[in-house]
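J.: Quick one: structure below, then a few questions.
The values are calculated or read from the model by the stated rules, or taken from the named source; none is laboratory data. What you are looking at is a predicted structure, and each value in this text was computed from that prediction instead of being measured. FYI the Cβ positions are ideal-geometry reconstructions off the backbone, even for glycines, and counts take in every protein chain you see. Accessible surface is based on the protein model in full, side chains and every heavy atom, while ligands, DNA and RNA are left aside. Shrake-Rupley method; radii C 1.70, N 1.55, O 1.52, S 1.80 Å.
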Amino acid sequence: MERFKLTEDDYTLIEIGLDVLKKNFDDGIYNHTVGCAVRCDNGNIYKGVNCDGIHGSCAEYITIGIAISAGERAFDTIVAVHEKHLNCVIPPCGNCRQMLFEYCPDIKVIVNDENGDLIKVRARDLLPFAWQPVIC
């Protein structure tokens, strides 16, 4: 698995995710408890929060959906955040890993490594043996 070092732009992406969460955090009902920011290949940045409920959606799904709705198709880096998590970064859940694999397998995802250091890895490396459509 290839690991990438974070850049200043990546730390800015984390701050953008934390900012959107701060503006929308819902501590009582827990509808909006994770923030997310994605940087596209062209430099555009989109942000979102999770929408919880009986059929909730993770912040990564919401944010990628916002970017796609704006016409984006090429993604560089994504991060999910919460201020009380290690380095403020939350790794994507299994559903988000599958979605990222299907939509943008080469996107870099900011995560904490086994030592607690921030790194970036490609989405495809977060989900070995991922489900893929069978073409016969």
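J.: Using only Cα positions of the range 86-136, each an equal point scatterer, no hydration layer, compute I(q)/I(0) via Debye at q = 0.22, 0.25, 0.26 Å⁻¹ and quote the log10 values to two decimals.
T.: The calculated log intensity ratios at q = 0.22, 0.25, 0.26 Å⁻¹ are -0.78, -0.95, -1.00.
J.: Please state the relative contact order of the range 94-136 as a whole percent: Cα pairs under 8 Å, 6+ residues apart?
T.: 40
J.: Provide, for q = 0.15 Å⁻¹, the log10 of I(q)/I(0) from a solvent-free Debye sum over equal Cα point scatterers in the chain.
T.: -0.68
J.: Let me have the relative contact order for the chain, percent, based on Cα pairs under 8 Å that are six or more residues apart.
T.: The normalised contact order for the chain reaches 22 percent.
J.: Same structure, new question: So if the hydrodynamic radius of the range 39-111 is defined as the Kirkwood radius over C-alpha pairs, what does Stokes-Einstein give as its diffusion coefficient at 10 °C and 1.306 mPa s, in µm² per second?
T.: 126
J.: Less than 20 Å apart at the alpha-carbon level, and either on another chain or at least 8 residues along: which aspartates and glutamates does that give for K120?
T.: E2, E8, D9, D10, E15, D41, E60, D76, E83, E102, D106
J.: Enumerate lysine pairs in the range 1-112 that are 8 or more residues apart or on different chains, then count those whose Cα atoms are under 13 Å apart.
T.: So the count works out to 4.
J.: Continuing with the same structure: Where nothing but the Cβ of Lys and Arg (+1) and of Asp and Glu (-1) is charged, how large is the charge dipole of the chain around its Cα centre, in debye to the nearest 20?
T.: In debye, rounded to 20, the chain gives about 200.
J.: In addition: Compute the FRET efficiency between D117 and I54 as 1/(1 + (r/R0)^6), taking r as their Cβ-Cβ distance and R0 = 41 Å, and round to the nearest 0.05.
T.: Step by step, r from the Cβ atoms, then E = 0.65.
J.: Now for a separate question. Are there trypsin sites (Lys or Arg not before Pro) in the range 76-134 that DSSP puts in a loop and that have at most 10 other Cβ atoms within 10 Å, and which ones?
T.: K84
J.: Of all beta bridges DSSP finds with both residues in the chain, what is the antiparallel percent, to the nearest 5?
T.: About 90 percent, rounded to the nearest 5.
J.: Just the number, please: carbon plus sulfur as a percent of the accessible area of the range 1-108, 1.4 Å probe, no ligands or DNA/RNA counted. Don't jump to the answer; show the numbers that get you there.
T.: Working: 3020 of 5920 Å².
Reported share for carbon and sulfur atoms: 51 percent.
J.: A follow-up question, please. Contour minus end-to-end for M1 and D26, with contour as 0.36 nm per residue of separation and end-to-end as the Cα-Cα distance?
T.: Working: separation 25, 0.36 × 25 = 9.00 nm, distance 3.60 nm.
The M1-D26 span can extend by a further 5.4 nm.
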